[in-house]
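Reading through the structure tokens given below for one structure.
The values are calculated or read from the model by the stated rules, or taken from the named source; none is laboratory data. In this text the structure is predicted, and so the values were computed from the model without any measurement. Don't worry about glycine lacking a Cβ; one is built from the backbone with ideal geometry, like all the others, and counts go over all protein chains shown.
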Amino acid sequence: MFTGLIESVGNVLEVKPAAGGARVRIGTRLASDLSPGESLALNGVCLTVIVAGDGQVQADVGPETLRLTAIGGLAPGALVNLERPLRADGRFGGHLVQGHVDATGYIEDLRQDAEFHWLTVSFPSRLRPYIIPKGSIAIDGISLTVAGLGQDRLDIMVIPHTMASTNLKHAQIRDRVNIECDMVGKYVVRAAELAGLSLTPVRAGERKH
């Protein structure tokens with residue numbers, strides 16, 4: 001389990017095809033604190049460390065993960081958000097993040113507002129039931145709060161610390177990003193579906209009985 005509080009920004013050194021998937025090699029200061037078999041979230045994707053040491057970490061990425069996430073688009077030199085799993089005796093911050101990406105979206109806008117930034121991300125319409133205003137969402141593994149919500153886009157106010165401490169500081173319009181919706185919301189929606197409740201959107205002013 002992760003929290004979406006990024007520990008370090010790593011540098012992609014290599015993405016090499018391997019057995020239908022890929023092996024990614026990352027330069028990071030966290031390498032000395034990791035061992036083979038441990039989990040590591042890379043841009044919000046939970047991976048298993050295969051090799052660690054000498055300032056580098058290697059992890060294998062399966063074909064399904066390449067298909068469902070933005071990892072396949074990484075190239076040498078790209079900056080990636082890294083987070084180790086939450087320790088049982090650690091202080092909990094952010095929100096519950098599994099490292100299981102629900103979909104990918106695109107950065108549609110990134111604009112400065114005084115010392116802060118507004119980030120606009122598009123998302124597939126199928127994620128709409130899981131996203132709420134003021135709710136939590138993980139974008140490339142970063143725990144963020146939804147400040148504005150449309151049919152297929154959401155707005156986030158990014159504080160200076162988050163901008164400086166994650167790969168958002170080098171983000172560009174149309175960058176593809178990993179999206180993980182809040183886990184609690186997903187369970188609520190699933191329970192409603194199993195109970196036979198309709199998830200059809202209701203327009204403002206309408207009531208459903």
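Results, tabulated for the structure shown:
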quantity: Filtered residues of the range 103-125 (kept if in contact (Cβ under 8 Å) with a residue 60 or more places away in the chain and out of contact with any Lys or Arg (no Cβ under 8 Å at 6 or more places or on another chain)); calculated: Asp109, Leu110
quantity: Residue tally, condition among the aliphatic types (A, V, I, L, M), assigned to a strand (DSSP E or B) and closer than 19 Å to Asn167 by Cβ, over the range 23-58; calculated: 8
quantity: Residue match in the range 124-142 (condition: closer than 25 Å to Arg84 by Cα, assigned to a strand (DSSP E or B), within 14 Å of the chain's Cα centre (by Cα) and among the small types (Gly, Ala, Ser)); calculated: yes
quantity: All positions within the range 32-51 that are under 18 Å from Phe2 (Cβ atoms), without any contact (Cβ under 8 Å) to a residue 60 or more places away in the chain and of a type outside the set (D, E, K, R); calculated: Leu34, Ser35, Gly37, Leu40, Cys46, Leu47, Thr48, Val49
quantity: Lone qualifier among Leu144, Leu149 - being touching a Ser or Thr at 6+ places or on another chain (Cβ under 9 Å) and modelled with pLDDT of 95 or more; calculated: Leu144
quantity: Residue match in the range 58-68 (condition: closer than 20 Å to Leu30 by Cα, at pLDDT below 95 and within 18 Å of the chain's Cα centre (by Cα)); calculated: no
quantity: Subset of the range 76-109 (residues that are of a type outside the set (D, E, K, R), farther than 16 Å from Ile137 by Cβ and at pLDDT 95 or above); calculated: Pro76, Gly77, Ala78, Leu79, Val80, Leu82
quantity: Test: residue in the range 59-82 that is in a loop (DSSP other than H, G, I, E, B), free of Cβ contacts under 8 Å to residues at least 40 places away in the same chain and out of contact with any helix residue (DSSP H, G or I) (no Cβ under 6 Å at 6 or more places or on another chain); calculated: no
quantity: Only listed residue being closer than 19 Å to Arg174 by Cα and not in a helix (DSSP H, G or I), chosen from His100, His117; calculated: His117
quantity: Any hit, the range 175-198, residues being farther than 19 Å from Thr3 by Cβ and under 19 Å from the mean Cα position of the chain (by Cα); calculated: yes
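The rows are residues; the columns are (1) more than 21 Å from Ala103 (Cα to Cα); (2) in contact with a Phe, Trp or Tyr (Cβ under 8 Å, 6 or more places away or on another chain); (3) buried (at least 19 other Cβ atoms within 10 Å of the Cβ).
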site: Asn11; (1), (2), (3): yes, no, no
site: Ala41; (1), (2), (3): no, yes, yes
site: Ala75; (1), (2), (3): no, no, no
site: Ala88; (1), (2), (3): yes, no, no
